[in-house]
Amino acid sequence: MAEPRIAFQTFGCKLNFSESSMLARKFQENGFQSVDHKDFADVYVIHSCSVTGNAEKKCRAAIRQVKKRNPDAKVAVIGCFAQLKPGELNLFEEVDLILGNNEKYQLYDHLDKILRQSSFPKEKIFTSEILKSEEFYPAYSSGDRTRSFLKIQDGCDYFCAYCTIPLARGLSRSNSIAQTLETAREIAESDAKEIILTGVNIGDFGKQHQETLFALMQELENLDGIERIRLSSIEPDLLTDEMIALIHVSNKFLPHFHIPLQSGSDEMLKAMNRKYDLRLFDSRVKKIKSLMPDACIAADIIVGFPGETDEDFNITAEYVKGAPLSYVHVFTYSSRPNTRASKMGSIIASSIKKERSKKLHVISEEKKQYFYHQNTGKTVDVLFESDHHDGSIQGWSENYIRVKVDFDKTLINKIIQIKLEEIEQDHIFRGKIL
């Protein structure tokens, strides 16, 4: 009998990707063959996102598409959309199983039961009150030889006015430092040379254990078997001077920061229920640049939040123009059910949101071009990946610049010193091996 084929299609954050990878390993260990979600499979797992309306739209489309590939396939939907709107998903006759964010870790047991029984299961929705959960399930991505996303934290206590994540993933929780190091050592035993620390709000790591992210970073600095470590997105109010100083002198932590701003207007930040003002955010950026002038600093911006005036937007745009940011991720506000913002008035017209988004994208492009030009001629360390791109091999520098050289398979998963020579299309540097 042929191995059953299973395909995961993952939407949303890197946290979802690390969890999908962990879940897929369970099936592989039990005789399943992993295939791409675009291929013919016996089981399709859709790991959903619900951060925007568009994310939910993509999930609905994926449900219909997989049944076209194999009408007899079993379909499971897991993750945030499943947690928040199981009833809506239950209306899809194509869906055989719906698991919330705690229940998805029993995915193998549920699907094994479905595949063994000939009749359609009477119950297909399994969700619980996620806000009461104290469970933390560690995860890390595998399959990419060079990099692994390590989940160190889940949930969030912040309840920003626009965000459903606490409702979808629960309150902030994590393992202890000792337990997290055990998971990190599993990655260290693989071929991966770089770890990306990921979570919903990683700066909140360890608080129920009376521990801190900084203390974890100190321990990871001494972890054998991993050469590079990056932080994923971290809130400006949780990024401390001691963390920045550690990264500055570190042999492992890389000068690459992703710090959500959301708005340059203090009025908007207050309305969003953010935990900082522009002055604090700006102080974090300037502190980083004072110690690490070549550091890459990305920021998130939301345009069109209810009540955002032209003045609020202009304050944001002018700040981004003048700040030493490398680029920004621009998100158009999307109203989410059961959030404080969904009950606010002063809705911004779609045409205005589109115009503001376009302006910030232009500014971001200018910032990225300037950041790349600043790095021209400099020497960086590049971790090369395995993909073959039209005769070249590509990788990432420590400060998150995409670099390519002529293809040489001996460079795969190696960290090589490269001189940045010329910026080509799509923000890729042509480099010279030193």
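Judged by a Cβ-Cβ distance under 4.7 Å, the unpaired cysteines of the chain are CYS13, CYS49, CYS59, CYS80, CYS156, CYS296.
The count of lysine pairs in region 75-217 with alpha-carbon distances below 17 Å, taking only pairs 8 or more places apart or on different chains, stands at 11.
For n ≥ 4 DSSP H runs only, could you compute -39500 (n - 2.57) per run for the chain, divide by its residues and tell me the 222 nm figure to the nearest 500? If you can, show how the numbers build up before the last one.
Numbers: 13 runs with 146 residues, N = 434.
Taken over the chain, the calculation gives -10000 deg cm²/dmol.
Ordering SER392, GLY53, ALA184 by Cα displacement along the dipole of the chain toward the positive end leaves GLY53 in first place; charges were set at the Cβ atoms of Lys, Arg (+1) and Asp, Glu (-1). Scanning residues 5 or more positions from SER392 or on other chains, those with amide H under 5 Å from its amide H are PHE407, with H placed 1.01 Å from N in the peptide plane.
What you get for the chain, charging only the Cβ of Lys and Arg (+1) and of Asp and Glu (-1), is a dipole of about 900 debye around the Cα centre. Counting neighbouring beta carbons within 10 Å and listing from fewest to most, the residues HIS110, HIS258 come out as HIS258, HIS110. Restricting region 186-261 to GluC sites (Glu not before Pro) that sit in a DSSP loop and have at most 12 other Cβ atoms within 10 Å of their own Cβ leaves GLU189.
A simple spin-label model places the labels of HIS329 and GLU422 3.2 nm from each other, with each point 7 Å out along Cα-to-Cβ. Of the trypsin sites (Lys or Arg not before Pro) found in region 1-86, those in coil by DSSP whose Cβ has at most 13 other Cβ atoms within 10 Å are LYS38. Of the trypsin sites (Lys or Arg not before Pro) found in region 101-185, those that fall in a DSSP loop while having at most 12 other beta-carbon atoms within 10 Å are LYS122. Which of these values of semi-axes √(5λ) of the Cα gyration tensor in Å was calculated from the structure shown: (1) 34, 29, 22; (2) 45, 24, 22; (3) 36, 23, 21? Derived directly from the coordinates: (1).
Since every read-out is calculated from the coordinates, none of them should be taken as a lab result. All of these numbers come straight from a predicted model, not from anything done at the bench. Glycine also receives a Cβ, built like all others from the backbone with ideal geometry; neighbour counts cover every protein chain displayed.
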